[in-house]
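The values are calculated or read from the model by the stated rules, or taken from the named source; none is laboratory data. Keep in mind it's a predicted model, so treat the numbers as computed, not measured. FYI the Cβ positions are ideal-geometry reconstructions off the backbone, even for glycines, and counts take in every protein chain you see.
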């Protein structure tokens, strides 16, 4: 019933426009009573995005089970659940993307949904960073960066009309965030001020080493660029 | 007239609640006709946030004049314009923050406003990163991180009831983003793959140097932590 209503609603939105379609039109098309609609959807907007509640629940469940992983990797993987929901139905997702661009009310609704995902990711990170310096701040900044990267990749795919590989665009975008914020137990996204195992100890075990000479007052980006260049990642 | 209407509206929202206050109530309190309200504000929500349009215009103007600066520093400074708007009227800002927490429609409106700021910052960064690898992606991720950091600092101040130093909280939060993404012409936020001036050249000029030994396969966060530790920033 829920799917029948969502499908009837979406077909009417495409045929007549979102604003021009009433709930009465939708229930008539679906062949059910008016109260049935509101049993499943609080508003017309909700019928356009019928799967976000389930996806948010999946994300929460995923993160609840992800406690032992790198926090930034965990939220990146959690964000991929959203991509998979879109990728499961490319034609619908692309049509909805185009519809949403045209209807301000749907864009606003979508912002609220995106914010709920972001809060879910931030809540997980906040718990993981609890008791560390700036834990809450880092949680919010990283969650926002993950969501922005995910949505950049998702939009790239949607704009391609669903033609390209959806995973590739999102993996690439999330890779940028993990490169900057990613961590094992530490890193920029991890526990600041906690001493890591000295790199030189690893070097002894792994053999191959690089040597970097830097002035004490050098800005961090400059040092990092030198390292990336030396590591062949630049 | 605009200010009189906004003040009358806000006083009524505090006294009676946002939903319970009509536009007729507002114009009666302000002593003007109904059409005057809609001349200044498209909706009741707009009257709660009367200064964002001006602030967005100020932000755009600021960024238009900021072309020669470090892009990440420029968007951080642009974000501070929002803080200053809030800090110019602490009592109003704190009351509005509390009101917004209670009214879902205002939270949604606020999300739209935040999104407009984010798009303004991202647009500036996109132009600055034009033609560089992943320029659009980095622009969106950094804009989201700046907005999240700014809002974290702003909320810290609002939750303190406007008691603490507003600049301090936001400066600290934006500092985290600049530390990670900040750049001169290069850096993680700058032009990736463009060789920086070798750090060792600076070292010769500035005298004081550190030496880091790292395995070629070491993850970047581990190397960075070692450097931060050596530079006394860890």
Complete set of residues in the range A:151-167 that are more than 10 Å from chain B (Cβ to nearest Cβ) and part of a helix (DSSP H, G or I): A:154, A:157, A:158, A:159, A:166, A:167
Residue check: is residue B:104 in contact (Cβ under 8 Å) with a residue 24 or more places away in the chain and either on the phi < 0 side of the Ramachandran plot or more than 16 Å from the chain's Cα centre (by Cα) (or both)? no
Kindly check whether there is at least one residue in the range A:42-55 that is assigned by TED's automatic domain parsing to the domain that holds residue A:170, within 15 Å of the chain's Cα centre (by Cα) and more than 25 Å from residue A:157 (Cα to Cα). no
Looking at (1) buried (at least 17 other Cβ atoms within 10 Å of the Cβ); (2) at pLDDT below 95, find the lone condition where residue A:168 falls short. (1)
Taking the criterion of being touching a residue at least 40 places away in the same chain (Cβ under 8 Å) and within 21 Å of residue B:111 (Cα to Cα), would at least one residue in the range B:24-41 satisfy it? no
In the range B:117-149, the residues that are more than 7 Å from chain A (Cβ to nearest Cβ) and on the phi > 0 side of the Ramachandran plot: B:131
